[in-house]
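Worksheet for the structure shown next.
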Amino acid sequence: MPPALRASALFPPRRAATDLSGWVVGLLGVGVAVLFAVILWESGVGALPVFLAAAGMLMTGGLGIGFVYQARRQVREAREREAMWRAAGDALPFPCFVVDGAGRATYANGKFRERWPDALHSPLASLRQLNLDDAAVRSVERLEEAGALGTAASDEIRYVAPSGDQVWLKISVSPLSDNRTQVLWAVEDITARREMEYVLRDEQAKFVDFLENAPIGFYSVDPEGRFLLINRTLAEWLGTTAEEVRAKDLRLHDLIADRPPAGTPAMSPFPGVGESRGEIQFKVADGEVIHAFVSQTIVGNSDNGDMRTRSVVRNLSPERAWERALHRSEQRFQRFFEDAPVGIVLLDSAGKVIEANRVWRELVAPGHSQIVDSLLTEFVVEKDAPAVSAWLQKTLTDPEPAARQITLRTMAETGRRRDVTAYVSRIDEGLILHFLEAGDRRSADQTVVQGQKMQAIGQLAGGIAHDFNNLLTAMIGFCDLLLLRHSPGDQSFGDIMQIKQNASRAANLVRQLLAFSRQQTLQPKVLNITDILAELNHLLGRLIGANIKLNMVHGHDLGLVRVDQGQFEQVVINLAVNARDAMDQGGELTIRTRNVQLTKAERRDAEYLPAGDYVVVEVADTGHGIPADKLERIFEPFYTTKEVGQGTGLGLSTVYGIIKQTEGHVFVDSVVNEGTTFSIYLPHHRADESKAAEADEEAAKGAQEDLTGAGSVLLVEDEDAVRQFSARALRAKGYNVIEAQSGEDALDLLRSERVDLLITDVVMPEMDGPTLIRLATVDIPDLRIICISGYAEDAFRKRIGEDSAIHFLAKPFSLAQLASKVKEVLAAQERGTS
């Protein structure tokens, strides 16, 4: 080792100088004593002085010799300290070195020499040569300043090793003397500790995240019920945060819906003494409650003040909601299963009945309960049983559904057989079978066919009615124009009136066609059937004649219905006229009303009547009845059993269409030579089903005294006759009318002309009315619009939306109706209302 790095440099022994001085002093003392004694002896001063002088000199020599001994002892101790320092420094697990005030190294231990063998004379330079970033360089400089000032300091720095790994060092400086001439530097590799700390912090963060966001709640309270801990999950359940709980100093009992009785420990949520788990209802910030299961343990000791709880909370509210939903689902399924209109049976893999619904029980064993655990083949005729058993076993291995004709026998009626079609499917528990009697299937097929036939006839009738309405609009309109030039005293006045009256009669027939096709314009109101029938009582009496007795039987507390009063009156009148014609020899006509509540759907004739509350209106006569082979066709338009010239065949079809459009049902029961009963089912109207109150307005407004007006009107109509009449009528009332034959022409005119009102037909080739309206309102959002059509307003509204700025005028219309509607719409625009 170089002398500059020896420990003796810290503790110099000064051995050579001490030895020489001691020996010189000792020898001189002895020599002087001998010489002085000889001189005194020779001079004759006596023995005593000679002795004293010799003794003093000998003492001086002894001191010199003693000084030599002491010096040798100090050297030995310095060597021992050097050995101890070296042993202590080399025993350190990290490099360290000592520098003097000039920054020169005076010592370096073995770990330093191993790590930096080439930097023994300048260890600080070796630190600066590491791949340090700016922050590490500044840290080393601060440590050097601290060592120079004689202050102990330490810091942790990071650098990148040649291998690319990050290395952390802890560097400490400690002065070894008060005069700051010696400073100890220690360099400790703390990379492993740093990595462990990172792992611990990461694991701690994961644990905290798990604790905060676990799917269960955690909390801890002290003996005063004050929250020491509440995780985020529980806080969110309660509609709050942990910070808010602490800020408001909320206690455990503050958050419990049913506050525990007095005397309950503040740290316990349970009303019972000693309970540690149970169900609790917590209050939520929005006033709701959550059901929870709490498991709690008390830890710590009250004597030293560290008692607290460890509480786990499981939210039961979702489970309760699932239980309720499952219960409702089970009830719903059971209701569907039990009340299904077909027989349903669940079988196990052995073919035994697990469960059967009401229809099946009534089908094979009415009045018997011993069906479960019976083999299905026990209810099959003997000759079919083996084939049915094999068919069921095949279905267990083949997942595809299958159907089979089966003849069943019943337990209640010996020998009674029922032909059914069985549909089988495989499920986890075994098999599920649906049974449909042959008669039921035929009835279902007939229902579909009858519905399709009535729909097709309705579409045909609606199309015919639309075309006729265009013709009738022109006929009635031009009659009105002629009447403007012919007064009542004119010879042609009567002829024109005859044409107009017959056109109006034709319009009534068309309305009946539209009623059957459910395409007429209805104006429903919430009404009481009793009031309508009371108003009709006198009219019906005159209509049916004196030889027929009219009986009105009103039900008590009838529910309200939503119907078009005029159309419903037409229904009752049509049925009364049919009844009158069926009782040519006299009889009784009974109109009876009552409330009916159906808890389940029922099949009547060829259709199903849904469950619900109804007001039933029965119109019964004692006439000759209707044969069964004609009942299926009585609602078809133009079908009649009357003689030629005595009926149009539209009376009952009108009844059918009006009731269906009102979302009601009509059924007929008839016995030949006994009479016929028509039953009308109208659904109850609930007040909360409609947001707006029913407007008490008349369907058709009377002609106004002054129908003249001013403004620019764009009239769009592809039927030339209707367009010409309407244009002439409006010009006669003072309006500037611009005509267009198509939607495309109308759009061009809207861009070039100022228009106050758009009147457009709904059904037109290429671009129809709704399309024209949508495109026109893009450029002119506040444009006033009147739609004219031979179809129902409801069908039009479904296509264009419930825009109150779009008005409707049904064809056929008269001059007065057209002028009145135009003036009404333009006047509303001037008032700034819709």
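See the values below:
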{"quantity": "Looking only at region 589-607, and only at residues there that are touching a residue at least 24 places away in the same chain (Cβ under 8 Å) and open to solvent by 80 Å² or more (accessible area, probe 1.4 Å), the one that is farthest from R686 (Cα to Cα)", "calculated": "D605"}
{"quantity": "Criterion violated by K733 - all others in (1) in contact with a Gly (Cβ under 7 Å, 6 or more places away or on another chain); (2) surrounded by fewer than 17 Cβ atoms within 10 Å (Cβ to Cβ); (3) basic (K, R) satisfied", "calculated": "(2)"}
{"quantity": "Answer from A292, A266, A247 - the residue that is modelled with pLDDT of 85 or more and closer than 20 Å to A214 by Cα", "calculated": "A292"}
{"quantity": "Which numbered condition A816 misses (of (1) open to solvent by less than 50 Å² (accessible area, probe 1.4 Å); (2) modelled with pLDDT of 85 or more)", "calculated": "(2)"}
{"quantity": "Inter-residue pairs, beta-carbon under 7 Å, first over 16 Å from A727 (Cβ atoms) and in region 814-834, second modelled with pLDDT of 85 or more and among the β-branched types (V, I, T), 6+ apart", "calculated": "V825/I786"}
{"quantity": "Filter result (open to solvent by less than 70 Å² (accessible area, probe 1.4 Å) and either without any contact (Cβ under 8 Å) to a residue 60 or more places away in the chain or not hydrophobic (A, V, I, L, M, F, W, C) (or both)) within region 91-100", "calculated": "P95, D100"}
{"quantity": "The lone exception for A795 - which of (1) assigned to a helix (DSSP H, G or I); (2) open to solvent by 70 Å² or more (accessible area, probe 1.4 Å); (3) modelled with pLDDT under 85 it fails", "calculated": "(2)"}
{"quantity": "Test: residue in region 571-593 that is modelled with pLDDT under 85, aliphatic (A, V, I, L, M) and not in a helix (DSSP H, G or I)", "calculated": "no"}
{"quantity": "Residues of region 118-169 satisfying the condition of being open to solvent by less than 50 Å² (accessible area, probe 1.4 Å) and among the β-branched types (V, I, T)", "calculated": "V140, I157, V167"}
{"quantity": "Close pairs from region 375-389: first under 12 Å from A422 (Cβ atoms), partner part of a loop (DSSP other than H, G, I, E, B) and hydrophobic (A, V, I, L, M, F, W, C), Cβ under 8 Å, at least 6 apart", "calculated": "F379/A365; F379/M411"}
{"quantity": "Complete set of residues in region 734-775 that are of a type in the set (D, E) and either closer than 22 Å to T473 by Cα or over 49 Å from the mean Cα position of the chain (by Cα) (or both)", "calculated": "E739, E753, D761, D768"}
{"quantity": "Every pair of residues 6+ apart whose Cβ atoms lie under 8 Å, when the first sits in region 543-569 and is of a type in the set (D, E) while the second is assigned to a helix (DSSP H, G or I) and surrounded by 14 or more Cβ atoms within 10 Å (Cβ to Cβ)", "calculated": "D564/I658; E569/I532; E569/L536"}
{"quantity": "Checking S174 against (1) farther than 30 Å from N231 by Cα; (2) open to solvent by 90 Å² or more (accessible area, probe 1.4 Å), the condition it does not meet", "calculated": "(2)"}
{"quantity": "Residue match in region 186-197 (condition: modelled with pLDDT of 85 or more, outside any helix (DSSP H, G or I) and over 60 Å from the mean Cα position of the chain (by Cα))", "calculated": "yes"}
{"quantity": "Residue count for region 457-474, restricted to those that are surrounded by 20 or more Cβ atoms within 10 Å (Cβ to Cβ) and either among the aliphatic types (A, V, I, L, M) or at pLDDT 75 or above (or both)", "calculated": "5"}
{"quantity": "One residue from A340, A350 being touching a helix residue (DSSP H, G or I) at 6+ places or on another chain (Cβ under 9 Å) and among the small types (G, A, S)", "calculated": "A340"}
{"quantity": "Residue identified as touching a Ser or Thr at 6+ places or on another chain (Cβ under 9 Å) and either modelled with pLDDT of 90 or more or among the hydrophobic types (A, V, I, L, M, F, W, C) (or both) among I298, I256", "calculated": "I298"}
{"quantity": "Residue selected from region 226-264 under the condition closer than 18 Å to M307 by Cα and touching a Pro at 6+ places or on another chain (Cβ under 8 Å), by the criterion least open to solvent (accessible area, probe 1.4 Å)", "calculated": "L252"}
{"quantity": "Matching residues in region 167-212 - criterion: being touching a Lys or Arg at 6+ places or on another chain (Cβ under 6 Å) and over 29 Å from G101 (Cα atoms)", "calculated": "E212"}
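Yes/no per residue for (1) out of contact with any Pro (no Cβ under 6 Å at 6 or more places or on another chain); (2) outside any helix (DSSP H, G or I):
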position: P93; (1), (2): yes, yes
position: F97; (1), (2): no, yes
position: A102; (1), (2): yes, yes
position: T106; (1), (2): yes, yes
position: F112; (1), (2): no, no
position: L130; (1), (2): yes, yes
position: A135; (1), (2): yes, no
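A quick yes/no check of all residues on (1) touching a strand residue (DSSP E or B) at 6+ places or on another chain (Cβ under 6 Å); (2) in a strand (DSSP E or B); (3) open to solvent by 50 Å² or more (accessible area, probe 1.4 Å):
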site: T530; (1), (2), (3): no, no, no
site: E535; (1), (2), (3): no, no, yes
site: R542; (1), (2), (3): no, no, yes
site: M552; (1), (2), (3): yes, yes, no
site: G555; (1), (2), (3): yes, no, no
site: G559; (1), (2), (3): yes, no, no
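Every residue, every condition in (1) at pLDDT below 70; (2) under 19 Å from I190 (Cα atoms), yes or no:
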site	(1), (2)
A71	yes, no
P95	no, yes
L120	yes, no
L127	no, yes
G147	no, no
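The values are calculated or read from the model by the stated rules, or taken from the named source; none is laboratory data. Only a predicted model underlies this, so the values are computations on that prediction, with no experimental measurement involved. All Cβ positions, even for glycine, are placed from backbone atoms using ideal geometry, and neighbour counts span all protein chains on display. Surface areas here come from the heavy atoms of the whole protein model, side chains and all, with no ligands, DNA or RNA. Shrake-Rupley method; radii C 1.70, N 1.55, O 1.52, S 1.80 Å.
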